[in-house]
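K.L.:
After the structure tokens below, expect a handful of questions from me.
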Amino acid sequence: MTNTTLPADCRALVLFGATGDLAKRMLWPSLYALDRDGLLPKQFQLIGAATSKLSNDEFITKVQQSVQSSANAKLYDEAGFAAFAQRIRYVSINIDAPGGLEPIRSALAPASEGSGGVIYYLSTGPQLFGPICLALRDAKLVDAASRIIVEKPIGTDTESARRVNEAIGAAFEEHQVFRIDHYLGKEAVQNLLALRFANAIFEPLWNANAIEQVQITVAETVGVDGRWGFYDSTGALRDMVQSHLLQLLCLVAMEPPASFTPSAVRNEKVKVLWSLRPITGNDVEAQTVRGQYTAGYSGGEAARGYGEETGANAGSDTETFVALRVEVDNWRWAGVPFYLRTGKRLQRRSSEIVIQFKSAPYNIFAGIGASLAPNVLLIKLQPDEMITLTLMHKKPGVNETKLAQVPLNLSLGDAFGQGRRRIAYERMLLDVLRNNSALFVRRDEVEAAWTWIDGIIDGWKSTGQKAKPYPAGSWGPSAAIALTEKHGHSWHE
Ligand code: BG6
């Protein structure tokens, strides 16, 4: 939700972890696209910082390859890339050595040559966030105009998140900190705010009087091959629910903010997190399901089980799937279950939010044998971006009255043309350039989310709840189906 003003108050972006996986897949291709669209300030410098010893040319060749093999490959052209490469400098750094950040200072053009502050982007392991922030501060590379972008995960529980936030806070004021949750950069997620707060028809229905249940699914077909070590110490609850799913839940459940400003939006989101009913102790048995994929078929191909992936420890109990029944204890949502589920190696890649309304209070068509299905608002985030409202209709014909559920589809592509699908990071980077932190996660949000997640993890430990096996290519363990069905609901498929 960026405005169209050209950002002018930043002079450089320093990317730590410039040769890493995220930089390669997302960040350099996003920066290239912004440059092609004329959205980077004129003198804006891009400084790639990493520990490898590389020449500038070697590094630029890597950036070029990453753009050419990315989702933005179609935008690539020689002249455009040559102009983009003019902005780039590579520096090899060592945050542990005295003067180890000096190459950054030398690469930055003097402030007088460009206006505004420097943005530091930490696309590194989270264990480096604190040390890099302190090293930047000690090297006097931080001033009032600086900004810092950090990636998830911020910690692995409340305590560690606090430590990371303290270390960041020792060098940067909170308003200078941009914690990225890339789900908030997805077009359809941003559209959810427009759907809710730019239309009058939904608000009177957006509460426990009219809504029966809400479902949030983020299903992936990929496994964890290649990052088993990281994943095994993390699991689906920490990797996906603490961040992406809770952020989506906040956008669905929040009160209308007073304005679209960072503090107004984030104040409302954090209130939702504070209202989540804790799931602790024995409640975890009834309200959570943990799963782990076993061998099966995914995307038409044979897939190995989690314990057979490269580098795996066969005895691991880490969950690759989690389903939760969540309650939001406030006036708007009292008694409405929010079902969340996410997992790897599921049947289809599909992220969606389902709002199921209550059934009609009385069926006047019962006498002619027609049953009424409740209305459903389906917000599909990926792979397609689509909003669908299902309504009951009369089937055309004269002989008998038959009713059927018919979807009213709004495809964003059809409505607005099939423009280029932007990488979520393009929007997020532009927001940082424009100093708009509305769709970034504030410190208190991260810590409130962890506090709630910690309760579940403690419950899992105290009850010894094990991950249930599910075959790759399925929708997770059958216990996830039972989680909804025992309350008279079923997952939207
Ligand atoms: C990341 C998780 O934050 O999000 C990954 O660490 C996950 O495990 C990814 O695969 C999913 O993002 P997207 O945009 O592909 O849905």
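The values are calculated or read from the model by the stated rules, or taken from the named source; none is laboratory data. The shown structure was predicted, so the numbers you read here are calculated from the model rather than taken from an experiment. As a convention, Cβ positions derive from the backbone with ideal geometry for all residues, glycine included, and neighbour counts pool all protein chains shown. Ligands, DNA and RNA are excluded from the accessible area calculation, which covers all protein heavy atoms including side chains. Shrake-Rupley method; radii C 1.70, N 1.55, O 1.52, S 1.80 Å.
K.L.:
What single numbered condition from (1) out of contact with any strand residue (DSSP E or B) (no Cβ under 8 Å at 6 or more places or on another chain); (2) touching a residue at least 40 places away in the same chain (Cβ under 8 Å); (3) under 25 Å from R434 (Cα atoms) fails to hold for R105?
P.N.:
Failing condition for R105: (2).
K.L.:
Also: Pairs needed: first member in the stretch 238-263, without any contact (Cβ under 8 Å) to a residue 12 or more places away in the chain and open to solvent by 10 Å² or more (accessible area, probe 1.4 Å); second member anywhere, part of a helix (DSSP H, G or I) and of a type in the set (D, E); C-beta distance under 9 Å; at least 6 residues apart or different chains.
P.N.:
A258/E268
K.L.:
On to the next question. If only one of T280, T310, T342, T318 is open to solvent by less than 30 Å² (accessible area, probe 1.4 Å) and in a loop (DSSP other than H, G, I, E, B), which one is it? Even if it seems obvious, please write down each step before you answer.
P.N.:
Details: T280 fails: open to solvent by less than 30 Å² (accessible area, probe 1.4 Å); T310 fails: open to solvent by less than 30 Å² (accessible area, probe 1.4 Å); T342 fails: in a loop (DSSP other than H, G, I, E, B).
Within the list T280, T310, T342, T318, the selection yields T318.
K.L.:
Restricting the stretch 74-98 to residues that are without any contact (Cβ under 8 Å) to a residue 12 or more places away in the chain and small (G, A, S), which is farthest from W28 (Cα to Cα)?
P.N.:
A97
K.L.:
Continuing with the same structure: Pick from R277, R349, R345: which is more than 26 Å from N191 (Cα to Cα) and under 21 Å from the mean Cα position of the chain (by Cα)?
P.N.:
Numbers: R277 fails: under 21 Å from the mean Cα position of the chain (by Cα); R349 fails: more than 26 Å from N191 (Cα to Cα).
That would be R345, the only listed residue that is more than 26 Å from N191 (Cα to Cα) and under 21 Å from the mean Cα position of the chain (by Cα).
K.L.:
Still on this model: Quick one: would you say L483 is in a helix (DSSP H, G or I) and either under 19 Å from the mean Cα position of the chain (by Cα) or not hydrophobic (A, V, I, L, M, F, W, C) (or both)?
P.N.:
On the way: in a helix (DSSP H, G or I): yes; either under 19 Å from the mean Cα position of the chain (by Cα) or not hydrophobic (A, V, I, L, M, F, W, C) (or both): no.
It is false that L483 is in a helix (DSSP H, G or I) and either under 19 Å from the mean Cα position of the chain (by Cα) or not hydrophobic (A, V, I, L, M, F, W, C) (or both).
K.L.:
Read through the list (1) surrounded by fewer than 20 Cβ atoms within 10 Å (Cβ to Cβ); (2) within 14 Å of the ligand (Cβ to nearest atom), then give the number of the only condition that E159 fails.
P.N.:
Status for E159: all satisfied but (2).
K.L.:
Also: Hey, among the residues in the stretch 426-468 that are outside any loop (DSSP other than H, G, I, E, B) and out of contact with any helix residue (DSSP H, G or I) (no Cβ under 9 Å at 6 or more places or on another chain), which one's least open to solvent (accessible area, probe 1.4 Å)?
P.N.:
Step one: filter the stretch 426-468 for residues outside any loop (DSSP other than H, G, I, E, B), giving 426-433, 443-463, 468.
Filter once more, keeping what is out of contact with any helix residue (DSSP H, G or I) (no Cβ under 9 Å at 6 or more places or on another chain): 432, 461.
Details: V432: 1, K461: 147 Å².
Here the residue is V432.
K.L.:
So Y183 clears everything in (1) in contact (Cβ under 8 Å) with a residue 60 or more places away in the chain; (2) more than 16 Å from the ligand (Cβ to nearest atom); (3) assigned to a helix (DSSP H, G or I) except one condition, right? Which one?
P.N.:
(2)
K.L.:
Would you be able to say whether some residue in the stretch 284-294 is in contact with a Pro (Cβ under 8 Å, 6 or more places away or on another chain), aliphatic (A, V, I, L, M), under 18 Å from K468 (Cα atoms) and open to solvent by 20 Å² or more (accessible area, probe 1.4 Å)?
P.N.:
no
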